[in-house]
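Peer 1: Okay, handing you the structure first.
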Amino acid sequence: MKIDNILSKVYRSSAAIIVSTIVLACLICKWSLATTVTAVLVSIVVSSPPAISLHLLFLLAQKIRIERGFVWVVLLASIPVSSFIVAWLFADFVPGKVWFLLLLGMLSGYTGILINGISVSQFFNSSDHERE
């Protein structure tokens, strides 16, 4: 499977969770249409950390030889850090606080990675992408 297919699957599944939750929160908070559209656009950005972390690990795995277990540890550990950075930057544009976006980003990130875990694992297991 190609790297762009894997990244788009992870991003789409993460974005689906975040966008639906943000739209529901906007409806519950009775936000206007303009602020709801702004919140949806921000939620698209908030769903990017798992895809960015995965892409950086793909690039790193092509350059140096890394144990597969270590790749998974780094991948799963980078999601909370990158989600916190995005949540801290964009918390003013969505309903809730930083912790709400952080939890939502972590939940969607882990879900997006684990739903597509077989594809990610197959990519890391392929010998074509390892440096000999």
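Peer 1: Which of the helices in the chain, when you take each full DSSP H run, stretch at least 30 Å along the axis at their Cα atoms and have an average Kyte-Doolittle score of -1.0 or higher? Walk me through the numbers on the way to the answer.
Peer 2: Numbers: long enough: 3-29 (39 Å, 1.51); 68-90 (33 Å, 1.86).
Membrane-span-like by this rule: 3-29, 68-90.
Peer 1: Could you tell me whether the chain comes out rounded, prolate or oblate from its Cα gyration tensor? Rule is a ≥ b ≥ c as square roots of the eigenvalues, rounded for a/c under 1.5, then prolate if a/b exceeds b/c, otherwise oblate.
Peer 2: prolate
Peer 1: I would also like to ask the following. Please state the shape class of the stretch 1-71: rounded when a/c is under 1.5, otherwise prolate if a/b exceeds b/c and oblate if not, all from the C-alpha gyration tensor. Spell out each step's value before the answer.
Peer 2: Numbers: a/c = 3.55, a/b = 3.37, b/c = 1.05.
Prolate.
Peer 1: Would you work out the relative contact order for the stretch 3-80, in percent, from Cα pairs under 8 angstrom that are 6 or more residues apart? Working shown, then result.
Peer 2: Values: 40 pairs, mean separation 28.2, N = 78.
So the answer I get is 36 percent.
Peer 1: Going toward the positive end of the dipole of the chain, with +1 on Lys and Arg Cβ and -1 on Asp and Glu Cβ, which of VAL46, LEU7, GLN122 do you reach last?
Peer 2: VAL46
Peer 1: Pick out which of VAL46, VAL74, VAL98 has the largest mean-square fluctuation in a Gaussian network model of the chain, springs linking Cα atoms closer than 10 Å.
Peer 2: VAL74
Peer 1: Here's something else I'd like to know. So if we plug the beta-carbon distance of LEU107 and LYS30 into 1/(1 + (r/R0)^6) with R0 = 22 Å, what FRET efficiency do we get, rounded to 0.05?
Peer 2: The value I calculate is 0.35.
Peer 1: Using Cα positions and a limit of under 20 Å, work out the lysines in reach of LYS30, with same-chain residues fewer than 8 apart set aside.
Peer 2: Hits, sequence-local ones excluded: LYS97.
Peer 1: Please tell me the relative contact order of the chain in percent, rounded to the nearest whole number, where contacts are Cα pairs under 8 Å and at least six residues apart. List each step's numbers first, then the result.
Peer 2: Working: 145 pairs, mean separation 51.0, N = 132.
Answer for the chain is 39 percent.
Peer 1: Also, quick follow-up: So what is the calculated 222 nm ellipticity per residue for the chain, using -39500 (n - 2.57) for each DSSP H run with n of 4 or more, over all residues, to the nearest 500 deg cm²/dmol?
Peer 2: Calculated from helices alone, the mean residue ellipticity at 222 nm is -27000 deg cm²/dmol.
Peer 1: How many percent of the accessible area of the stretch 6-132 is carbon or sulfur, using a 1.4 Å probe?
Peer 2: For the stretch 6-132, the apolar C and S fraction of the accessible surface comes to 72 percent.
Peer 1: Straight distance only, please: which lysines reach the Cα of LYS2 with their own Cα at less than 19 Å, same-chain residues fewer than 8 apart left out?
Peer 2: List returned: LYS63.
Peer 1: May I ask you to give the solvent-accessible area per residue for the chain, in square angstrom, as obtained with a 1.4 angstrom probe?
Peer 2: Computed with neighbouring chains in place, this is 57 Å² per residue.
The values are calculated or read from the model by the stated rules, or taken from the named source; none is laboratory data. Nothing here was measured: the structure is a model prediction, and the numbers come from that model. We place every Cβ from the backbone using ideal geometry, glycine too, and count neighbours over all the protein chains shown. Surface areas here come from the heavy atoms of the whole protein model, side chains and all, with no ligands, DNA or RNA. Shrake-Rupley method; radii C 1.70, N 1.55, O 1.52, S 1.80 Å.
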